[in-house]
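*Asks:* Please see the structure below; I have some questions.
The values are calculated or read from the model by the stated rules, or taken from the named source; none is laboratory data. Keep in mind it's a predicted model, so treat the numbers as computed, not measured. Backbone-built Cβ (ideal geometry, glycine too); neighbour counts: all protein chains shown. Side chains are part of the model used for accessible areas, which takes the heavy atoms of the whole protein and leaves out ligands, DNA and RNA. Shrake-Rupley method; radii C 1.70, N 1.55, O 1.52, S 1.80 Å.
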Amino acid sequence: SMAVGNYTGDGTASLAITGLGIAPAYVVVFGDYLPSPVPIHRHQNMIAGQSAFLNAGASAILTNGIMSLDADGFTVGNHANLNTNLNTYRFFAFTALTNQITFGTYSGDGTQDREIAVGFTPKLVYVTGKRAANTSEFLYGRLDTMANNNSVRLLAANWHTDGIRSFTSGGFKVGDATPGNRLNILGDTYYWMTIGGAGKGYSIVY
């Protein structure tokens with residue numbers, strides 16, 4: 001299931017956002033003002049205390065962003081993009097739902113067309129990564145309506161054929177063909193979210 005909402009920053013080192021009604025597995029926070037800073041996200045499988053910029057790419061992993069995912073919400077640190085005093089911030093949060101919304105992680109092995117098992121055929125997949133040097137990689141998305149091996153680098157109008165290459169009856173395939181180096185680099189860590197179910201109407205904005 002999903003929760004959306006807003007909160008007002010207080011500039012402190014630890015601000016708990018509660019009352020979501022779910023224990024989130026994935027959270028994205030963004031500012032409600034212009035120029036809006038890059039959103040920050042945290043996946044349940046990220047190392048404790050860590051989060052990253054949504055469209056980072058070689059940016060340092062944050063330790064004062066979304067610090068934890070909690071039983072009824074999440075806790076943010078004092079990073080200006082999500083906790084400047086008196087600024088308003090928006091968020092959306094997902095929790096797992098059997099055979100509809102799932103989350104996981106894998107370690108890159110450098111192969112092409114590697115299948116990541118999720119237990120059903122997805123309609124929408126997001127994958128992001130963390131390099132061995134503790135910097136973050138770009139976020140990629142793929143819909144079941146995308147043709148061939150295409151996926152999209154989010155927040156940039158770039159098609160890639162070595163990202164999320166296809167969907168299968170039990171998951172999705174990722175690639176790492178030279179010079180692609182997208183979503184299966186040897187030794188890097190990747191985090192994914194899938195959405196399935198019978199409904200249509202999912203979209204990716206880029």
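*Asks:* I'd like the full set of residues that are part of a strand (DSSP E or B) and of a type in the set (Gly, Ala, Ser), limited to the range 1-16.
*Replies:* Passing the criteria: Ala3, Gly5, Ala16.
*Asks:* Checking Phe74 against (1) over 30 Å from Phe120 (Cβ atoms); (2) buried (at least 20 other Cβ atoms within 10 Å of the Cβ); (3) in contact with a Ser or Thr (Cβ under 8 Å, 6 or more places away or on another chain), only one condition comes out false. Which one?
*Replies:* Checking Phe74 against (1) over 30 Å from Phe120 (Cβ atoms); (2) buried (at least 20 other Cβ atoms within 10 Å of the Cβ); (3) in contact with a Ser or Thr (Cβ under 8 Å, 6 or more places away or on another chain), the one that fails is (1).
*Asks:* Identify, by number, the condition in (1) at positive phi; (2) within 15 Å of the chain's Cα centre (by Cα) that Ser68 doesn't meet.
*Replies:* Against the list (1) at positive phi; (2) within 15 Å of the chain's Cα centre (by Cα), Ser68 comes up short only on (1).
*Asks:* Check Tyr26, Tyr7 and return the single one that is under 19 Å from the mean Cα position of the chain (by Cα) and not β-branched (Val, Ile, Thr).
*Replies:* Tyr26
*Asks:* Considering each of Phe92, Phe53 in turn, give the residue that is among the aromatic types (Phe, Trp, Tyr) and within 20 Å of Tyr190 (Cα to Cα).
*Replies:* Result of the check over Phe92, Phe53: Phe53.
*Asks:* Let me ask something else about it. Going through the range 1-55 one residue at a time, which ones are out of contact with any helix residue (DSSP H, G or I) (no Cβ under 8 Å at 6 or more places or on another chain), over 30 Å from Ala133 (Cα atoms) and either charged (D, E, K, R) or open to solvent by less than 20 Å² (accessible area, probe 1.4 Å) (or both)?
*Replies:* Result: Ala3, Tyr7, Ile17, Asp32.
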